[in-house]
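None of the figures in this text is laboratory data; all of them are computed from the coordinates on show. As the structure is a prediction and not an experimental result, all values here were calculated from the model. Cβ atoms come from the backbone with ideal geometry, glycine included; neighbour counts cover every protein chain shown.
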Amino acid sequence: MKIKKYFTKWLLIEYNNAAIRENRNRQLKEDYLDNLPDDIIIPIVLMFYHTRDEIRVQIVLDEKGNTGFLDMSSERYGMLPQYKTDVNGKFIFETDEQIRKKFPYKNREWTQKVIKKPYRKQNVFRKLVLEAYDNQCAICGVKEPKILRAAHIVPVTKGGNDKIENGLCLCTNHEIAYDQGLIKITMNGDIEVYSESLNIPYQKILYPSDQKNYPSKKYLNMKYTNNY
Ligand SMILES: [Zn+2]
């Protein structure tokens, strides 16, 4: 799936400041940021989950193709603007106003309260969910633990818990697609796809082998209707 998210100059500066505040890794130097043209569009060329709640994105820094990375919370990643292409293949970017609308505060930097959960608790949730789903992505069936994640149905930030009933075993791609609403799952486990470039082999999710580990219909429906 091609990433269509990008930074503008002020976004990159703001996200870099957030990374400094939140003690995240980054490779961007302040003088590089200051010298960027005001109207520059900086596309994200690569992204992956660095930890469960942290995303690392890679951007191209100069004409030589040198790249740098920046870490951010998954919530902050979700707020980045996304370009579209029209029928002639021309890029359409979001306006500054559209971008700023997504942030909770007007005219000042958004300071996110970062809750760092104990490492062990995350590990227990991951272990339980992956085991329940026999180490396969509930959407595509891929069986490679290195790219499998224990995704929350109702996000922790929206009050979701760390129980198996609020978990889905998803590969990194489908975790992002589910998180971004490109794939939706009904309370009966039907998979709905909202991106033409995503090919999903199944109509229904692959459930855990033991029925007591099934995802909660209530939580699936909460996520489905609220688009968290
Ligand atoms: Zn998958």
Exercise. Project the alpha carbons of the stretch 119-226 onto their principal axes and report the range along each, largest first, in whole Å.
Key: 38, 29, 26
Quiz item: What is the diffusion coefficient of the chain in µm²/s, taking the Kirkwood radius over Cα pairs and the Stokes-Einstein relation at 25 °C with a viscosity of 0.890 mPa s?
Solution: 129 µm²/s
Practice problem: Can you pull the one-decimal nm distance between simple spin-label points at ILE92 and MET187, each 7 Å off the Cα toward Cβ? | Solution: 3.5 nm
Quiz item: Of LYS2/LYS101; LYS146/LYS184; LYS64/LYS102, which pairs sit farther than 26 Å apart, going by alpha carbon to alpha carbon?
Solution: LYS64/LYS102
Exercise. Can you check what the net charge comes to around THR186, using other residues whose Cβ is under 14 Å from the Cβ of THR186 (Lys, Arg +1; Asp, Glu -1)?
Key: +3
Self-check item: Calculated [θ] (222 nm, deg cm²/dmol) that DSSP helices of n ≥ 4 give over the chain, each run adding -39,500 (n - 2.57)
Solution: -7500 deg cm²/dmol
